[in-house]
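First up is the structure itself, then whatever we jot down about it.
The values are calculated or read from the model by the stated rules, or taken from the named source; none is laboratory data. In this text the structure is predicted, and so the values were computed from the model without any measurement. In this analysis, Cβ positions are derived from the backbone assuming ideal geometry, glycine residues included, and neighbour counts consider all displayed protein chains.
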Amino acid sequence: MKTLNNEYQKLLAEISDQFRQGRIMAIRSVNRELISRYEAVGRLIIERQSEYGWGKSIVERLSRDLKAEFPGTSGFSARNLWDMRRFYERYAEYPNLRQLVAEIPWGHNLVILNKTSTVEEAGFYALATLQNGWSRNVLQNFIKADAYSADLKINKQHNFPETLPPQLAQQAEETIRSKYNLEFLGLQEPVREKELESKLILQIRNLLLTMGYGFAYMGNQFKIKLGRNEYFIDLLFYHRKLQCLVAVELKVGKFEPAHAAQLNFYLQILDDTIKLPQENPSIGILLCAEKDKLEVEYSLRLTNKPIGVSEYNLTTKLPKHLKKELPGEDELKALLGND
């Protein structure tokens, strides 16, 4: 009887979870549709103002007429219409970012729209909101604390100032991250480099969101040639803002000096054979499971191409088989002497 009751409770929990997930998916679907409508309204306003030379009064008039057309429906205030216009204007040229902001509520989007000044900053807070489930108040607190600037300064290792012109070096520094979260791959255990690459390719949209904004995917195992020899770059991107090729090499283990030398070699071939004359020097990013800061620093001194070295996380969740081995919350409190 006890076994039957336990199994029933498991069944009940599983079915309840299905309905909860269904509700969440329905809410997200409604939110995406709402954001899509708002974006379309913003685009139409901008296009008509540009086409006919209409001024600010057209938005006030639209507000009055839409309220009359849809009585009892919220969202048609002049202020909200202006917000729709600004929303479309900010993200129009960034399709990956447009997909991301459609996943978070309009209220959160307004906070980001009003409290951030660059697309990169907006993308940082939008992605953090989605990944961490921040409420609007929590989001506001993180923006107030300038978490974006703090993230830019944390533990970044590269040789951009020594290998790029000053302005380009600063832009490249803002592009690279100290650590990349690859939790969306659903991997719990270490994998081979080819498997990691294959998983990333299958989820290229999520990878682009993780990389940042301005990245355009060009291919994996991208072939470059030197004489009769062929070499293959794990992932190749083009960055619109930096106007350069970005080669990404994946290493499932610890950083080794040979990795930087290999990537430096690839970048030299890219610049000599693939890069267009008007484009900036190619940049390399090494993604590795772990690194020694001093070892990276000395290795980059020996390269003449711009390279950044970053770690990645496959998961921030504790595997189930380890949870059993660790003390629970009550046990921890007892160990620490807390009541």
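Descriptive notes on the structure:
- Among the residues of region 111-129, the ones that are crowded, with 16+ Cβ neighbours inside 10 Å and touching a residue at least 24 places away in the same chain (Cβ under 8 Å) come to 13 in all.
- Cβ-Cβ distances below 8 Å connect the following pairs, each with a first residue in region 26-50 that is farther than 16 Å from Tyr91 by Cβ, a second residue that is surrounded by fewer than 12 Cβ atoms within 10 Å (Cβ to Cβ), and a separation of six or more residues or different chains: Gln49/Gly55.
- Residues (among the hydrophobic types (A, V, I, L, M, F, W, C), crowded, with 16+ Cβ neighbours inside 10 Å and at pLDDT 90 or above) located in region 79-109: Leu81, Trp82, Met84, Phe87, Val101, Ala102, Ile104, Trp106
- Scan of region 242-254 for residues that are over 12 Å from Ser310 (Cα atoms) and in contact with a Phe, Trp or Tyr (Cβ under 8 Å, 6 or more places away or on another chain), ordered by number: Cys244, Leu245, Val246, Ala247
- Subset of region 262-283 [under 23 Å from Leu294 (Cβ atoms), among the polar types (S, T, N, Q) and buried (at least 18 other Cβ atoms within 10 Å of the Cβ)]: Asn264
- Residue in region 116-123 that is in a helix (DSSP H, G or I) and within 17 Å of Arg32 (Cβ to Cβ) present: no
- Within region 240-261, the set of residues being surrounded by fewer than 16 Cβ atoms within 10 Å (Cβ to Cβ) and either of a type outside the set (Lys, Arg) or at positive phi (or both) comprises Gln243, Gly253, Pro257, Ala258, Ala261.
- The set of residues in region 242-257 being touching a strand residue (DSSP E or B) at 6+ places or on another chain (Cβ under 8 Å), farther than 20 Å from Tyr217 by Cα and in contact (Cβ under 8 Å) with a residue 40 or more places away in the chain consists of Val252, Phe255.
- Where a residue in region 51-75 is without any contact (Cβ under 8 Å) to a residue 40 or more places away in the chain and its partner, wherever it lies, is assigned to a helix (DSSP H, G or I) and of a type in the set (A, V, I, L, M, F, W, C), with Cβ under 7 Å and at least six apart: Val59/Ile45; Val59/Ala78; Val59/Leu81; Val59/Trp82; Glu60/Ala78; Leu62/Leu81; Ser63/Ala78; Ser63/Leu81
- Tally, over region 258-308, of residues that are touching a residue at least 12 places away in the same chain (Cβ under 8 Å), within 16 Å of Phe237 (Cα to Cα) and not in a helix (DSSP H, G or I): 14
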